[in-house]
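As structure tokens, the structure follows; a few thoughts come after it.
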Amino acid sequence: MVSINPESKSRAVNREVLSELIKLHGKTSLGGKLPAYDGRKSLYTAGSLPFESEEFSVTLVDPEKKDKEKAEREYKITILIAGRTDLYHLQQFLKGRQRDMPQETIQVLDVVLRESPSWNYVTVSRSFFSTTFGHRGDIGEGLECWRGYYQSLCPTQMGLSLNIDISATSFFKPVTVVQFVLEFLNLRDASRPLTDRDRVKIKKALRGVRVETNHQEDQIRRYKITGITPVPMSQLTFPVDERGTRMSVVQYFMQRYKYNLQYTSWPCLQSGSDARPVYLPMEACKIVEGQRYSKKLNDKQVTNILRATCQRPQQREQSIREMVLHNKYAEDKFAQEFGINVCSDLVSVPARVLPPPMLRYHDSGKEKTCVPSVGQWNMINKVGRPPSIEKAFTRFGVPALKNIPTIIFGADVTPPPPGEDSASSVAAVVASMDWP
């Protein structure tokens with residue numbers, strides 16, 4: 001078990017802390033072990049550590065802080081042996097000699113296989129995304145679609161299997177904030193002021209997003225957006241000394257950086273706290289790449305993301321194969337450390353294709369029988385339901401089909417694939433036309 005003080009809610013920060021710990025003490029205090037870490041409280045090693053409980057200190061430098069004193073932060077890491085995982089129960093379970101699934105053991109192996117991709121790709125739930133996986137499509141309103149894959153380790157009748165499927169989700173485009181606002185609000189004229197409604201929309205969309213400044217050639221600093229100023233930049237002032245002398249943001253950027261701000265009718269981004277705000281002109285900021293857009297997509301964006309990722313079964317299979325080869329599980333140092341081998345081939349299972357059933361319609365129709373083709377058939381020239389079914393339907397209050405104008409509806413809902421928590425369920429409705 002691992003505890004880090006001060007605590008961080010960010011898995012990325014926690015991983016940075018553990019990475020620094022391994023660099024400093026991996027060959028010595030950790031006994032040369034290469035741990036697998038879940039980013040929270042659990043740390044696993046192949047074999048025992050040379051201690052039961054130990055405390056370490058590491059110092060990280062925050063590149064987003066300006067002053068060296070504030071940039072350096074010390075972390076205390078306590079590693080406590082909480083237990084030892086036994087693979088015997090997993091072997092017995094896979095052989096069918098034990099009923100209870102050893103979930104903890106499977107979780108350990110799953111964390112091991114997720115360690116490398118957690119460092120190399122953007123993690124979203126149980127999926128990993130990267131621009132190295134191919135086409136990144138524009139889905140509109142300042143967002144783009146990244147491809148990735150879902151991964152989980154699960155027990156099957158054939159043993160442990162690595163379940164992999166391709167997926168996709170939405171990310172902020174790494175563009176200037178001005179360009180994002182223009183696309184997000186569908187504006188053509190950047191010179192006009194933003195309405196209160198527009199400002200609220202931008203505030204909701206960009207809150208929590210990280211940006212980097214571009215007004216200093218020799219220094220790029222990063223900030224997390226906390227809000228939007230209520231007034232335009234041209235009216236925005238702040239104190240510059242202890243006497244309370246105030247200066248506008250426009251004047252400050254001209255005097256300090258020789259930077260002539262253009263979009264003065266727009267509000268500023270705000271970082272920091274309300275007590276000590278940091279005002280950032282939109283034109284001096286660019287959205288940092290690799291940030292997922294977690295809010296609800298509109299219908300057009302959902303359509304674009306589905307269009308960009310829709311594949312026929314053979315294409316999907318090939319994409320999964322390419323994804324597995326790209327990940328190079330055989331060369332994964334964490335898999336090697338724990339003695340895990342991953343076969344790069346898909347599992348073959350015995351199967352058969354069932355022939356479609358013969359559909360029989362009422363004898364009063366021109367076509368009395370029909371054989372579906374690829375799961376589809378046409379109801380033209382056919383009359384539905386024999387008398388026995390008509391009686392059953394009538395008993396439940398369903399009107400029978402007769403030779404009068406009638407429309408037949410069918411509906412279905414398809415949820416997103418496992419691990420794709422950003423996609424919407426797709427509802428489809430079909431109906432007959434011109435019956436009878």
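The values are calculated or read from the model by the stated rules, or taken from the named source; none is laboratory data. The shown structure was predicted, so the numbers you read here are calculated from the model rather than taken from an experiment. Please note: Cβ atoms are built from the backbone with ideal geometry, for glycine as well, and neighbour counts cover all protein chains shown. Note: accessible area is taken over every heavy atom of the protein model, side chains too, but ligands, DNA and RNA are not part of it. Shrake-Rupley method; radii C 1.70, N 1.55, O 1.52, S 1.80 Å.
Odds and ends about this structure:
- Within segment 242-261, being surrounded by 13 or more Cβ atoms within 10 Å (Cβ to Cβ) and assigned to a loop (DSSP other than H, G, I, E, B) holds for Tyr259, Leu261.
- Residues that are among the hydroxyl-bearing types (Ser, Thr, Tyr) and in a helix (DSSP H, G or I) within segment 1-53 comprise just one, Ser19.
- Restricting the first member to segment 424-436 and to residues that are under 19 Å from Val413 (Cα atoms) and open to solvent by less than 80 Å² (accessible area, probe 1.4 Å), and the second to residues that are outside any loop (DSSP other than H, G, I, E, B) and among the aromatic types (Phe, Trp, Tyr), the beta-carbon pairs closer than 9 Å and six or more apart or on different chains are Ala431/Phe409; Ser432/Phe409.
- Any pair with Cβ under 6 angstrom, 6 or more apart, that starts in segment 364-376 at a residue that is surrounded by 10 or more Cβ atoms within 10 Å (Cβ to Cβ) and ends at one that is among the hydroxyl-bearing types (Ser, Thr, Tyr): Lys368/Tyr361
- Of everything in segment 172-229 that is under 13 Å from Gln270 (Cα atoms) and part of a loop (DSSP other than H, G, I, E, B), the residue that is most open to solvent (accessible area, probe 1.4 Å) is Arg207.
- Scanning segment 197-221 for residues that are modelled with pLDDT under 90 and either farther than 26 Å from Thr123 by Cα or among the basic types (Lys, Arg) (or both) gives Asn214, His215, Gln216, Glu217, Asp218, Gln219, Arg221.
- The set of residues in segment 215-264 being of a type in the set (S, T, N, Q) and without any contact (Cβ under 8 Å) to a residue 24 or more places away in the chain consists of Gln219, Gln235, Thr237, Thr245, Ser248, Gln251, Gln255, Asn260, Gln262.
- Taking the criterion of being open to solvent by less than 80 Å² (accessible area, probe 1.4 Å) and assigned to a loop (DSSP other than H, G, I, E, B), the residues of segment 271-289 that qualify are Ser273, Pro281, Val288.
- Look at (1) of a type outside the set (S, T, N, Q); (2) touching a strand residue (DSSP E or B) at 6+ places or on another chain (Cβ under 8 Å); (3) exposed (fewer than 15 other Cβ atoms within 10 Å of the Cβ) and you find that Leu306 fails only one, number (3).
- Residue that is least open to solvent (accessible area, probe 1.4 Å) [pool: residues in segment 314-359 that are over 20 Å from Gly159 (Cα atoms) and touching a Cys at 6+ places or on another chain (Cβ under 9 Å)]: Leu359
- Any hit, segment 290-300, residues being of a type outside the set (Phe, Trp, Tyr), surrounded by 11 or more Cβ atoms within 10 Å (Cβ to Cβ), in contact with a Gly (Cβ under 9 Å, 6 or more places away or on another chain) and assigned to a helix (DSSP H, G or I): yes
- Residue check for Leu153: open to solvent by 20 Å² or more (accessible area, probe 1.4 Å), in contact (Cβ under 8 Å) with a residue 40 or more places away in the chain, touching a strand residue (DSSP E or B) at 6+ places or on another chain (Cβ under 9 Å) and in a strand (DSSP E or B): yes
- Within segment 301-315, tally of residues that are closer than 18 Å to Phe133 by Cβ and either modelled with pLDDT of 90 or more or assigned to a loop (DSSP other than H, G, I, E, B) (or both): 3
- Residues satisfying the stated conditions in segment 153-191, i.e. among the small types (Gly, Ala, Ser) and within 17 Å of Ser344 (Cβ to Cβ): Gly159, Ser161
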